[in-house]
Amino acid sequence: MASPSDHKATIIDGKAIAQTVRSEIADEARQLLEKYGKVPGVAVVIVGDRKDSQNYKRISEAELVSKLHELNANPDIHGIAVQLPLPKHINEEKVLSEISLERIEPLFVPCPQGNGCWKLLSRSGISIKGKNAVVVGRSNIVGLPVSLLLLKADATVTIVHSRSGDQESTIHGADIIIAAAGQAMMIKGSWIKPGAAVIDVGTSDVDDPSEKSGYRLVGDVDFEEACKVAGWITPVPDGVGPMTVTMVLMNNLDGAKRLLMQ
């Protein structure tokens, strides 16, 4: 009989699941092409390169807004995303407000990160209905959106944040843990209920002389310890990250369908 120390969590392969979903997106895009003669189009606006501060400042706010207006008017573009943060001389709020709602909403509703977490659970055959879910982190990017998605799927949801008391015991009661606090390996193996599903959204770099880069990426969960207790867990990297990008494509496909069917 295997001892508890022999337990090994099932690794949720975000890259493999993302590839499957992308194949499904490609199939639907081909169907749109056959029916409407168009495929979903997305424009990702990147201003400069953070490693090149001189080039980073060459475009003015007015020039950027003009480019967004041009994209708004392009019937082949169904979604527009501006990579943040922008240079300090550009007003982010002003720029984002210039994007047509029908072009920005399809990319981010539902939230790609939150929807990616939900998709990883559902594609792994993990039941959400009636389960206790704890979301660690309350950001507008991940924590709050994924909490709403879990509630919609009939989970009982608790949000843990930096001001929460006794985080360990709250997390230990969870059947599903969404770790999105941005604190390297804060969730220890002892905090995790045996058999729980753990989705680790966090990404931090920690010093590691054995790596060529001098560092390695880790999540909010102590992966090695968690694997001895959890039922399922996502790795960092190659867990949530690939699904986030895929959900942007999925949202763009849905937006294109709405626009083309009008």
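Any read-out appearing in this document is the output of simple, stated calculations on the displayed coordinates, not a laboratory observation. Note that the structure is a prediction, hence the values are computed from the model and not measured. Positions of Cβ are generated from backbone atoms using ideal geometry, with glycine treated the same way; all protein chains shown enter the neighbour counts.
At-a-glance table
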quantity	calculated
Dipole of the chain, positive direction: furthest Cα of Leu253, Phe223, Val95, with charges on the beta-carbon	Leu253
Counting DSSP beta bridges with both ends in segment 109-242, the antiparallel % (nearest 5)	20
Greater than 30 Å apart at Cα, pairs in Lys94/Lys257; Lys15/Lys228; Lys119/Lys188; Lys67/Lys119	Lys67/Lys119
Amide H contacts of Lys131 (H built 1.01 Å from N, under 5 Å, at least 5 apart or other chain)	Thr156
Binned Cα-Cα distance frequencies in segment 109-242 - 10 Å width, integer %	13, 47, 32, 7, 1
Helical mean residue ellipticity (222 nm; -39500 (n - 2.57) per DSSP H run of 4+; nearest 500) of the chain	-12000 deg cm²/dmol
Footprinting exposure proxy for Ser169, Ser164 (fewest neighbouring C-beta atoms within 10 Å first)	Ser169, Ser164
Protection-proxy order for peptides 212-224, 245-257, each taking the mean of Cβ atoms within 10 Å per residue, highest first	245-257, 212-224
Sorted peptide list for 155-162, 197-204, 227-234, criterion being average Cβ within 10 angstrom, highest first	197-204, 227-234, 155-162
Global form of segment 109-168, assessed from the alpha-carbon gyration tensor, a/c cut-off 1.5	oblate
Long-range amide H partners of Tyr215 with built H, under 5 Å	Asp208
Distance cut-off 36 Å, percentage of C-alpha pairs in the chain lying past it	23
Using a Förster distance of 45 Å, the FRET efficiency for Ser127-Glu70 (Cβ separation, nearest 0.05)	0.45
